[in-house]
Amino acid sequence: MDKKLSGSRWCTRSYDPQMAAHITARFIELTYEAALKSYWRRAALGKFLRSSRISESHLATWSAEESKRDFLDRTFTSLQKNDAGKTVIFDMAKALSELSSFPDLRDWEDSDKKVAAATKAVAELKAYLKSQQEEILSQREREEAKERARTERTRVQKSLTDKARLQQRLDALHSSVGTQQGGYDFQDWFYDLLDFCEIQNRRPYVTGGRQIDGSLTLDGTTYLVELKFTASQSGSTDIDSLRAKVEDKADNTMGIMVSISGYSGVATTQASGRKTALLLMDAMHLYLFLSGTLSFADIISRVRRHASQTGEAYLAPSQFGG
């Protein structure tokens, strides 16, 4: 833009590329006509242009012999050469569209005619400006929707990748089932799973002389966690151990046992019953999550709902639909 047209303040002002792109020939024409018809006196037009950040040096080039129309022609021709100038035109259009009265058109013999022409020009500009702003908004919304979709695709892809890694890690642990190191590794894996699912948890700790394999909190309930990575099924002594830990805690505390090899019939019976505070899960529940069918939080909630309805602490994933 011609340096004479605007001061340094305009040179540093940021502009909206979408807005500048919508400054069409019709838009410029309507803005020009509204400015021409809303300000009849040179002083009034000069004041408007000055408020639109047209520089004093450019206004000084307006000679007494040059008509108002010719000066505006020259000014608008220069302004539309680049995006910064188009942004000036856009600001002019906004200011003109907000006019509700025309003081400069009073006290003329044909004031009514001048006001009518200015009112019509401003109304046409206002309508066009509104349509352009709606188009800009619609375009922004489309672009934002596309960006949200891209972000969601990236998130889903990362989630699938991370879940695949969790499954690969669990698969790799099967060869160490029944070993002490395997138990430690399974413990680390399980809490990595909870972190991945953004389920609040606490890793293993000791309280009151008892070793707790950790805990998780879901829907306002805290569950003490018992992890069994043994080659044999978990039995009644394992159930007794977890129940004792749970009963030693606050009323809202429940227990979740995750046994990689499942449970004996005696164990599931002993864990079940009226007002049971225990939920039993096994490898099938873990792979149900890893397969992507349900979230792990949903799986826990489904087992708990079954326990609340039937008193049974264990619900096989194959029966989730029932």
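The values are calculated or read from the model by the stated rules, or taken from the named source; none is laboratory data. None of these values were measured; they are calculated from a predicted model. In this analysis, Cβ positions are derived from the backbone assuming ideal geometry, glycine residues included, and neighbour counts consider all displayed protein chains. Protein only, heavy atoms only, side chains kept; ligands, DNA and RNA dropped before computing areas. Shrake-Rupley method; radii C 1.70, N 1.55, O 1.52, S 1.80 Å.
Please determine, by comparing only the residues of the stretch 185-201 that are assigned to a helix (DSSP H, G or I) and touching a residue at least 60 places away in the same chain (Cβ under 8 Å), which one is farthest from residue 283 (Cα to Cα). Quick ask: steps written out before the conclusion?
Taking the stretch 185-201 and keeping what is assigned to a helix (DSSP H, G or I), we get 185-196.
Those still in the list that are touching a residue at least 60 places away in the same chain (Cβ under 8 Å) too: 186, 190, 193-194.
Numbers: 186: 12, 190: 11, 193: 13, 194: 15 Å.
The selected residue is 194.
Among the residues that make up the stretch 291-306, is at least one of them surrounded by 20 or more Cβ atoms within 10 Å (Cβ to Cβ), more than 19 Å from residue 217 (Cα to Cα) and free of Cβ contacts under 8 Å to residues at least 60 places away in the same chain? The answer is no, given that none of the residues of the stretch 291-306 is surrounded by 20 or more Cβ atoms within 10 Å (Cβ to Cβ), more than 19 Å from residue 217 (Cα to Cα) and free of Cβ contacts under 8 Å to residues at least 60 places away in the same chain. Pairs are defined by a Cβ separation below 8 Å, a sequence spacing of at least 6 or placement on different chains, a first member in the stretch 90-118 that is of a type in the set (S, T, N, Q), and a second member that is at pLDDT below 90 and surrounded by 11 or more Cβ atoms within 10 Å (Cβ to Cβ); the pairs so defined are 97/129. Looking across the stretch 105-127, the residues that are among the basic types (Lys, Arg) and part of a helix (DSSP H, G or I) come down to 113, 114, 120, 126. For residue 154, indicate whether it is out of contact with any strand residue (DSSP E or B) (no Cβ under 7 Å at 6 or more places or on another chain), modelled with pLDDT under 90 and within 30 Å of residue 261 (Cβ to Cβ). Judged against the criteria, residue 154 is not a match. So in the stretch 24-56, with the set limited to residues that are among the hydroxyl-bearing types (Ser, Thr, Tyr) and either farther than 16 Å from residue 88 by Cα or touching a helix residue (DSSP H, G or I) at 6+ places or on another chain (Cβ under 6 Å) (or both), which one is surrounded by the fewest Cβ atoms within 10 Å (Cβ to Cβ)? For the stretch 24-56, the residue satisfying everything is 52. I want to confirm something. Restricting to the stretch 66-103 and keeping residues that are more than 42 Å from the chain's Cα centre (by Cα) and among the acidic types (Asp, Glu), which single residue is least open to solvent (accessible area, probe 1.4 Å)? If we take residues in the stretch 66-103 being more than 42 Å from the chain's Cα centre (by Cα) and among the acidic types (Asp, Glu), then 66 is least open to solvent (accessible area, probe 1.4 Å). Among the residues of the stretch 203-222, how many are under 31 Å from the mean Cα position of the chain (by Cα) and either under 17 Å from residue 279 (Cβ atoms) or modelled with pLDDT of 95 or more (or both)? Residues that pass the stated criteria total 8. Note on the stretch 202-307: enclosed helices (runs of 4 or more DSSP H) holding 2 or more residues that are among the polar types (S, T, N, Q) and farther than 28 Å from residue 168 by Cα are 236-247, 265-271.
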